[in-house]
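One structure, as structure tokens, below. Some questions next.
The values are calculated or read from the model by the stated rules, or taken from the named source; none is laboratory data. Since we're looking at a predicted model, the values are computed, not measured. Quick reminder, even Gly has a Cβ in these numbers, built from the backbone with ideal geometry, and neighbours come from all protein chains shown.
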């Protein structure tokens, strides 16, 4: 690595690694302090609390669906309902942390773009924000699905849906170009 650096005219001894580390930590701290990052962290905590407080509910629903399957009640499809619930739970857990991570990356890209005047930073930020928006949309759909299976959880699930909608609005305001960003290999231009 030293030889390659010399070939490129880079003096590795001149690099202040402590200063670079300090700057990186500052950028990450600023990214985590953004209102949308904080809202995404609150969402993570609310989801964890919901799962923790409803572990028994999920176990009871599993027992109920098992009993319905064994009873072979006409007009019911407990297996399909179980698959629907499982799919919703998997979506919620998949995006629970990803939304926060992608929003921190989007914020980091914007901060670096402003500080270091990097051309690619807005694109990187918009791409990350778009993935977060997709996660918010899919999480919203999953919680709506769970609400149909657990109507007694209306209050708690509506609280989660409200925070997701507020988060969506914050992200759209902070990254107005995010939805238009075309992710290579995923999105197709109209």
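Return a yes/no flag: does the range 6-14 have any residue that is within 30 Å of residue 107 (Cα to Cα) and either touching a residue at least 60 places away in the same chain (Cβ under 8 Å) or part of a helix (DSSP H, G or I) (or both).
Narrowing the range 6-14 to residues within 30 Å of residue 107 (Cα to Cα): 10, 12, 14.
If we keep only those that are either touching a residue at least 60 places away in the same chain (Cβ under 8 Å) or part of a helix (DSSP H, G or I) (or both) as well, we get 12, 14.
Within the range 6-14 (the criterion being within 30 Å of residue 107 (Cα to Cα) and either touching a residue at least 60 places away in the same chain (Cβ under 8 Å) or part of a helix (DSSP H, G or I) (or both)), the answer is yes, since at least one residue qualifies.
Being under 29 Å from residue 140 (Cβ atoms), free of Cβ contacts under 8 Å to residues at least 12 places away in the same chain and surrounded by 14 or more Cβ atoms within 10 Å (Cβ to Cβ) is the filter here, so list the residues in the range 15-50 that pass it.
Residue satisfying the conditions is 38 alone.
Could you check how many residues of the range 165-178 are surrounded by fewer than 22 Cβ atoms within 10 Å (Cβ to Cβ), touching a helix residue (DSSP H, G or I) at 6+ places or on another chain (Cβ under 8 Å) and modelled with pLDDT of 95 or more?
6
Which of the residues that make up the range 127-147 are farther than 15 Å from residue 161 by Cβ and within 9 Å of the chain's Cα centre (by Cα)?
Result: 131, 132, 133, 134.
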